[in-house]
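To start, the structure under review is shown below, and the notes come after it.
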Amino acid sequence: MARAARDMDQRFGTGRRVVLDGPLRLDSGAALSPVEIAYETYGSLAEDGSNAILICHALTGDQYVASTHPVTGKPGWWTRLVGQGLPIDPARHFIICANVLGSCMGTSGPASIDPATAEPYAMHFPVITIADMVRAQALLLDHLGIERLFAVIGGSMGGMQALTWPTIFPTRVEAAIVIASTARHSAQNIAFHEVGRQAIMADPKWRGGAYYVDGDAPAAGLAVARMAAHITYLSEAGLTEKFGRRLQQRDAKTFGFDADFQVESYLRHQGISFVERFDANSYLYITRAMDYYDIADDHGGALAAAFAATRARFCLVSFDTDWLYPTAESRIIVHALNAAGREASFVELKSPFGHDSFLLDAPEMNRVIDGFLRAGRR
Amino acid sequence: MSDQGSALRPDLGVIARNIATGARVLDVGCGDGSLLAALRDLKGVDARGLELNAENVAAAVARGLSVVQGDADTDLAYYPGGSFDYAILSQTLQTTRRPDQVVEALLRIGARAFVSFPNFAHWRGRMALLFGGRMPVTRLLPERWYDTPNIHHLTIDDFRALVKERGWHIENQWFLKGDRETGDANANLFAEHAVFLLKA
């Protein structure tokens, strides 16, 4: 009966949205209220609440981890890992994925209405951090009645949240899985993000972020930002294999500036399709949050100190062709976890796909995650 | 218990039988985690591993072990002193760049260290070199000189000399011939394998 009651619970299911009073105290010192969170849940919460897994999404990801995206009509972004018979399985786990704070798929962000003005926040939205995203997720868990997570998992920026979780809520997390990620943004990471932000702000349609009035968004700037970022998600070898110097539907160079090369055409397509589903100001806020991210700096400069209070188990996975968050970044985390005496697993996997490997076919990654998760219930 | 214990490689069987229940154990060069899994299942130890080969790490993590991909020569420095009851180095000593420093690190990290290695002074190897004039290729040392991962060949007497020189203490020692234990007498000639339990 209890299970049936939980299944009827309107808080659980796909396409959920909740408005919480907060206030959410942010790292900047500002307070956000109300806090809107859009999320999905799959599976049933166990009687004792012991099977909850929080999935954290990356910079341009969203809550549609294993269900069809309402704008693009594409399948969920992690259906290779999440689903029936997979390592994260709604038949065994209660799965939660929420749109991050600052984003644009239903959670509070710059496009949300500022209650003080009844207008969209735009650039009046407070600057947020990865830790703020995590605190917002904790608010959601409070709302869902989940005290403790069996696991928190994410890749890239999702990995940053997964790694941050046990540092802020040391007793609320039993296991953290951090994939293709880092404990801090490097100068190179920040530099690429700054290129993207400048592309958006250089678009005359950006207008200091106040483009919501007529909806004429800085699409060209956002598309360029996406194109630059997309290069960092792929490996040089992967690009060469996929496109080489092949020309796009033509036999010869045009001696002009049309997309002669397939790789140009591909990047333009990536840029154009991205602006249909993403808000330019959200891109500014979330990249800023990633640039501010430095867990050691939040703990007196010693990364190991961040993991002193938690008893969570950690699993880290990197990919050999990922040059955005290379293996060396994962090793820094592993060394800190060892120094703190935490239970940690780490493996660098081979994949030709660069940073994006974690989203693509990675059977070894699935095997590692499955074994790691099953070890939590011995 | 003996079922799973005897499925282990003989030197690992010796180590498994001599580790206290519930101990904290770091296996350096843990391979696919066979020993750690056995120790966890049979002795309830807190089992951690370090392994260079990514496929082995993936296999070990997939069986639920806490194993980190890393190099014994460089990564032991990141473990705090005295964090384990036992540090284990099984059949890995002869593959490290600086075996002496690796053992030093084991004795810093662990209260005790198990070190097992193949004895290159076993009589078969001596015969191969003496009469054949060739580097020995045996059942236990199947690789040839150019493709062997063993870059620091040592004998039981070599190891004893190193222990003495560094002032470490041998708490116990076991010698193996095939899968059977053999006596101390002339171990350097007759043992294929040695397992030492050291203390700093």
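Here, each number is a calculation from the coordinates, and none is a lab measurement. The shown structure was predicted, so the numbers you read here are calculated from the model rather than taken from an experiment. Because the Cβ atoms are built from the backbone with ideal geometry, glycine has one as well, and the counts that use them run over all protein chains shown.
Observations on the model:
- Whole-Å distance, taken between Cα centres, linking the range A:339-356 and the range A:216-247: 26
- Computed Kirkwood radius, in angstrom, where 1/r is averaged over Cα pairs of the range A:189-287: 14.6
- Hz values of 3J(HN,Hα) by residue in the range A:15-26 - Karplus curve (6.51, -1.76, 1.60), Gly and Pro given as x: x, 8, 8, 9, 10, 9, 5, x, x, 8, 7, 9
- Neighbour cut-off at most 16 other Cβ (10 Å), DSSP loop, GluC sites (Glu not before Pro), the range A:138-210: A:147
- Neighbours of residue A:235, meaning other residues whose beta-carbon lies under 13 angstrom from its beta-carbon, give a summed charge of -3 when Lys and Arg score +1 and Asp and Glu score -1.
- Loop-located trypsin sites (Lys or Arg not before Pro) across the range A:269-340 with a Cβ neighbour count of 16 or fewer within 10 Å are A:277, A:311, with loop assigned by DSSP.
- Straight Cα distances below 13 angstrom link residue A:242 to the aspartates and glutamates A:264, with same-chain residues fewer than 8 positions distant left out.
- Footprinting exposure proxy for A:125, B:131 (fewest neighbouring C-beta atoms within 10 Å first): B:131, A:125
- Helix axis angle, B:99-109 relative to chain B longest principal axis, alpha carbon, degrees: 30
- Comparing Cα centroids, the range B:21-83 and the range B:118-145 end up 30 angstrom apart.
- Tilt relative to chain B, helix B:156-166 - C-alpha long axis, 0 to 90 degrees, to 10: 60
- Simple spin-label estimate for residue B:165 and residue A:257 gives 7.0 nm between the two label positions (7 Å along the Cα-to-Cβ direction from each Cα).
- What the Cα convex hull of the protein assembly as shown gives, in volume per residue, is 183 Å³.
- Partner lysines for residue B:164 [C-alpha distance under 17 Å; skip if fewer than 8 residues away on the same chain]: B:199
- Relative packing of peptides A:49-56, A:246-253 - highest average C-beta neighbours within 10 Å first: A:49-56, A:246-253
- Applied to the range B:170-181, the Karplus parametrisation 6.51 cos²θ - 1.76 cosθ + 1.60 on θ = phi - 60° returns per-residue 3J(HN,Hα) values of 8, 7, 7, 8, 9, 10, 10, 10, x, 9, 10, 6 Hz, with x for Gly and Pro.
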